[in-house]
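Heads up, the thing below is written out as structure tokens.
The values are calculated or read from the model by the stated rules, or taken from the named source; none is laboratory data. Computed from a prediction, not measured in an experiment: that's the story for all the values here. Neighbour counts are summed over all protein chains in view; Cβ atoms, including those assigned to glycine, are modelled from backbone coordinates with ideal geometry.
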Amino acid sequence: MRNFLIKLIDFFYPPFKKVMPLQTFRYAVCGGGNLALDIILYFLVFHFVVDEHNLDLGFVVISGHIAALFIVFPITFTTGFLLQKYITFQLSDVKSHIQLFRYAQVSAGAIVLNYLLMKFFVDLLHIYPTPSKMLTTVVSVIFSYISQSRYTFKVNTKKNK
């Protein structure tokens, strides 16, 4: 499966060769695919699982748009890590358990960022949840790309030359 995905992604790389390195292209494709999955799952969970209502857990009530965010997160966390580890950052010499720990740290930062931005867009600016999620994702993607490439999957360039 991994080799198939790499070949498929790399097949579409030539038109982008002049504007970005292969690793950046793979990151964009994997991240874009995971982002699309995230937005689709968010939409489905918000509209059909929590049915646009607050989620009463007994000890706390979570608004529907935030509940959907937390329900979708574990799914896209897993798919995102696997895609980045095995497709994008194959040359990383960081041990897998450290990558996973660092990925979790960056993801925790991203989820806090997502939470704060969703509260800002939906609760303060009164923008509908799905477009708010899209706006939030733009900021989160920039944060994640920088963090993942320079921290989580950092490649020792001296060792891999």
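Return a yes/no flag: does segment 68-76 have any residue that is over 22 Å from Leu100 (Cβ atoms) and touching a helix residue (DSSP H, G or I) at 6+ places or on another chain (Cβ under 6 Å). Yes; the residues of segment 68-76 include at least one that is over 22 Å from Leu100 (Cβ atoms) and touching a helix residue (DSSP H, G or I) at 6+ places or on another chain (Cβ under 6 Å). If the condition is being of a type in the set (A, V, I, L, M), exposed (fewer than 14 other Cβ atoms within 10 Å of the Cβ) and modelled with pLDDT under 95, then segment 23-46 contributes only Ala36. Taking segment 13-67 as the range and being assigned to a helix (DSSP H, G or I), out of contact with any helix residue (DSSP H, G or I) (no Cβ under 7 Å at 6 or more places or on another chain), β-branched (Val, Ile, Thr) and over 24 Å from Tyr115 (Cβ atoms) as the test, only Thr24 passes.
Determine whether segment 80-99 contains at least one residue that is aliphatic (A, V, I, L, M), modelled with pLDDT of 90 or more and under 19 Å from Phe143 (Cβ atoms). Yes: segment 80-99 contains one or more residues that are aliphatic (A, V, I, L, M), modelled with pLDDT of 90 or more and under 19 Å from Phe143 (Cβ atoms). Number of residues in segment 50-64 that are surrounded by fewer than 17 Cβ atoms within 10 Å (Cβ to Cβ) and within 25 Å of Ser144 (Cβ to Cβ) equals 1. Note on segment 105-129: among residues that are hydroxyl-bearing (Ser, Thr, Tyr) and touching a residue at least 12 places away in the same chain (Cβ under 8 Å), the one that is nearest to Ile142 (Cα to Cα) is Ser107.
Is it the case that segment 87-105 has a residue that's surrounded by 12 or more Cβ atoms within 10 Å (Cβ to Cβ), among the aromatic types (Phe, Trp, Tyr) and more than 14 Å from the chain's Cα centre (by Cα)? Yes.
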